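Here is the structure we will look at.
The values are calculated or read from the model by the stated rules, or taken from the named source; none is laboratory data. Values in this document were obtained by computation on a predicted structure and should not be read as measured data. Note: ideal-geometry Cβ built from the backbone for every residue, glycine included; neighbour counts use all protein chains shown.
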Ligand SMILES: [Zn+2]
Ligand SMILES: [Zn+2]
Ligand SMILES: [Zn+2]
Ligand SMILES: [Zn+2]
């Protein structure tokens, strides 16, 4: 998804193989500038035509009939009580799609109905604020239209919903001042005067081994915010969704990220404002739609399908240059041609960042800083992230080059060159200045743009930051909400990119919209490097897999976890805990070969690895089936099946195996849907034990499990236990997400509600 679709990759690979060896060598050794020049010569019109053909897989033009189909599917899910699914489908029915489809016979009067249903879904899901927003909008719309008889039933429904909303809101009154400690208090935040978006308790250092990196300049407590940065650029990832089958009405009912989040600010969509020109871009508000149009979408709109085909990295690269503006792009690209070490800095040499930095680093300055020696979250800083031009494989560079050149040619062909080049003056881009040009060769300006884009695509391999959100899983009946982090967008964060990787990081990153916050996950002492995990964490992956994954960033990790696990005879924690056990005596099975042996010498049972792996796969299949049963409402059968899976797993998996924990978690979920809170809590506690063992007692993972346990205990009126669980969850989650986060607020609402409980119960009886 980050890279172009497989067909285009295959095509460029064949083209590469067919090139003359001398040309291949020149391309392999080419600078970015030469690569673009050569790429323009190599890209033939038949390749361009093939690319256009591939774009038909990603239709982004408007299809009015889809809206009514989504609405019907939404109604169906709603009647089954699956509010989360219904909500997603209603989100696909865009406000304006309905209005614009009037000419196709789609009646506007259905719109309030869809919105009412949507509000009802939100109410059932406990998202009161969102429900209220919709009801308010609807009220004003009805008032505007005047009361017609057709609206009377709806008005009645509206007032019913408002009463329900009022009831729900009365319960969890935010109890201010009741809880001690730091919760809810604004954080102490002092910005660094040398690095924008960084805390004043950090400093920027530079050395040959670690490159640019951030170091604690004083002692730091766990949970303290270290970096707060707005993405320089972000592009929503389309998410998993198969291409629509052509011809029939097989619309994709699985809403993707593109349907659920604003394409500019990444806020969750309630009533979306779609782009006038394409069916792909959707926004949370007219303001976001207008700004996106002004800043970049006017150049992207007609190329939606091409951008989906070429992948998110190309899209981020294009949006980066659009946001930076051509003047800045060409200044930095020109500068890079002069080979001057300080080209980033036309006004003179970079001042040393920190007096305390070691001699060599201090005097040379740090790349990417502005003339005052300040590192900002700017295009200049972004431009100086390492593209690792020499380390990418020549084939990969070729693919990126052709993709970028093809994109620029399309921009030119579509008359969008002016929109790309003169971002600031909308009057100018209405009259294309390239009209007299007859050849289809790229203009010099677009070659500069292509060169910058190629740099950004290559940089992204090491510097792309995923923006993730906690997304609700499962049927979402509202009682117990299971959330999982989901990749939402790909972004450049120039300051966040200063952090080096460790498989055992000392920070935690969370996102709100397009803003990232890095917090200390543990106390840091002055002088300690601030480290962030790029993905492979020592609790989740064996060292060999981690090193393999990290090779794409062109470095070998030397973090303490890697050094220790690379010692001869040392096994990864992951493989010890997730091992097979002896079917006879339950001791751990050992061996690196095809045959595993029981570690208990007296037992000496052996078994084939393939056989055990096969059993593991079967088990995973069975668990999936059980979850399918739960999804269609057959909870009792799901329980039976999961219990059988547990029995089976006990005979060949280590009791600490992560899958053992997952089964407990699933059982808890099923019991929760049945309202059997005690049983649910019992299973969840076992799951928590295993999660703690794997990820540590203060990990995000443990925090999320405790959050679920708090919900279950809350629902089961286990007041004192619920309160102590809430407290533990709060302690952990506020370190990772901060005291203002949605999770913490939900926990505090639960706490407030529990303190009101005796009165509520009295009222009930
Ligand atoms: Zn928005
Ligand atoms: Zn558009
Ligand atoms: Zn490591
Ligand atoms: Zn044994």
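Of the set (1) touching a residue at least 60 places away in the same chain (Cβ under 8 Å); (2) more than 22 Å from the chain's Cα centre (by Cα), all apply to residue 290 but (1).
A quick yes/no check of all residues on (1) under 22 Å from the mean Cα position of the chain (by Cα); (2) surrounded by 22 or more Cβ atoms within 10 Å (Cβ to Cβ); (3) at pLDDT below 90:
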{"site": "208", "(1), (2), (3)": "no, no, yes"}
{"site": "213", "(1), (2), (3)": "no, no, no"}
{"site": "218", "(1), (2), (3)": "no, no, no"}
{"site": "226", "(1), (2), (3)": "yes, yes, no"}
{"site": "239", "(1), (2), (3)": "yes, no, yes"}
{"site": "245", "(1), (2), (3)": "no, no, yes"}
{"site": "248", "(1), (2), (3)": "no, no, yes"}
{"site": "254", "(1), (2), (3)": "yes, no, yes"}
{"site": "271", "(1), (2), (3)": "yes, no, yes"}
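Among the residues of the stretch 534-556, are any at positive phi, without any contact (Cβ under 8 Å) to a residue 40 or more places away in the chain and in contact with a helix residue (DSSP H, G or I) (Cβ under 9 Å, 6 or more places away or on another chain)? There is at least one residue in the stretch 534-556 that is at positive phi, without any contact (Cβ under 8 Å) to a residue 40 or more places away in the chain and in contact with a helix residue (DSSP H, G or I) (Cβ under 9 Å, 6 or more places away or on another chain). Pairing each residue of the stretch 576-587 that is without any contact (Cβ under 8 Å) to a residue 60 or more places away in the chain and within 15 Å of residue 661 (Cβ to Cβ) with any residue that is part of a loop (DSSP other than H, G, I, E, B) and away from ligand 3 (no atom under 16 Å from the Cβ), provided the two are 6+ apart or on different chains, yields no C-beta distance under 6 Å. Of the residues making up the stretch 648-682, just one is modelled with pLDDT of 90 or more, over 18 Å from residue 616 (Cα atoms) and outside any helix (DSSP H, G or I), namely 676. The number of residues in the stretch 722-742 that are assigned to a helix (DSSP H, G or I), at pLDDT 85 or above and farther than 19 Å from residue 669 by Cα comes to 12. Look at (1) exposed (fewer than 14 other Cβ atoms within 10 Å of the Cβ); (2) modelled with pLDDT of 85 or more; (3) near ligand 4 (Cβ under 10 Å from one of its atoms) and you find that residue 597 fails only one, number (1).
When residue 448 is tested against (1) in contact with a strand residue (DSSP E or B) (Cβ under 6 Å, 6 or more places away or on another chain); (2) modelled with pLDDT of 85 or more; (3) farther than 30 Å from residue 219 by Cα, only condition (1) is not met.
Contact map, the stretch 261-278: first residue closer than 18 Å to residue 470 by Cβ, second residue in a loop (DSSP other than H, G, I, E, B) and within 16 Å of ligand 3 (Cβ to nearest atom), Cβ cut-off under 9 Å, separation 6 or more or different chains; the map is empty. Residues in the stretch 709-720 that are in contact (Cβ under 8 Å) with a residue 12 or more places away in the chain, assigned to a helix (DSSP H, G or I) and over 13 Å from residue 673 (Cα atoms): 709, 710, 713, 714, 719. Would you mind stating whether residue 314 is more than 16 Å from ligand 2 (Cβ to nearest atom), modelled with pLDDT of 85 or more and more than 16 Å from the chain's Cα centre (by Cα)? Answer is yes for this residue. Scanning the stretch 617-632 for residues that are out of contact with any helix residue (DSSP H, G or I) (no Cβ under 8 Å at 6 or more places or on another chain) and free of Cβ contacts under 8 Å to residues at least 40 places away in the same chain yields 617, 618, 621, 624, 628, 632. Mind checking which pairs have a first residue in the stretch 592-604 that is in contact (Cβ under 8 Å) with a residue 24 or more places away in the chain and under 14 Å from residue 581 (Cα atoms) and a second that is within 16 Å of ligand 3 (Cβ to nearest atom) and part of a loop (DSSP other than H, G, I, E, B), Cβ under 6 Å, 6 or more apart or different chains? From the stretch 592-604, no pairs qualify. Kindly establish whether residue 196 is modelled with pLDDT of 90 or more and more than 24 Å from the chain's Cα centre (by Cα). Spelling it out, it is not the case that residue 196 is modelled with pLDDT of 90 or more and more than 24 Å from the chain's Cα centre (by Cα). Looking at the stretch 283-311, which of the residues that are modelled with pLDDT under 90 and within 16 Å of ligand 1 (Cβ to nearest atom) is nearest to residue 6 (Cα to Cα)? Once the filter is applied, the top-ranked residue is 284.
Identify all residues within the stretch 6-20 that are under 28 Å from the mean Cα position of the chain (by Cα) and surrounded by fewer than 19 Cβ atoms within 10 Å (Cβ to Cβ); write none if there are none.
6, 7, 9, 10
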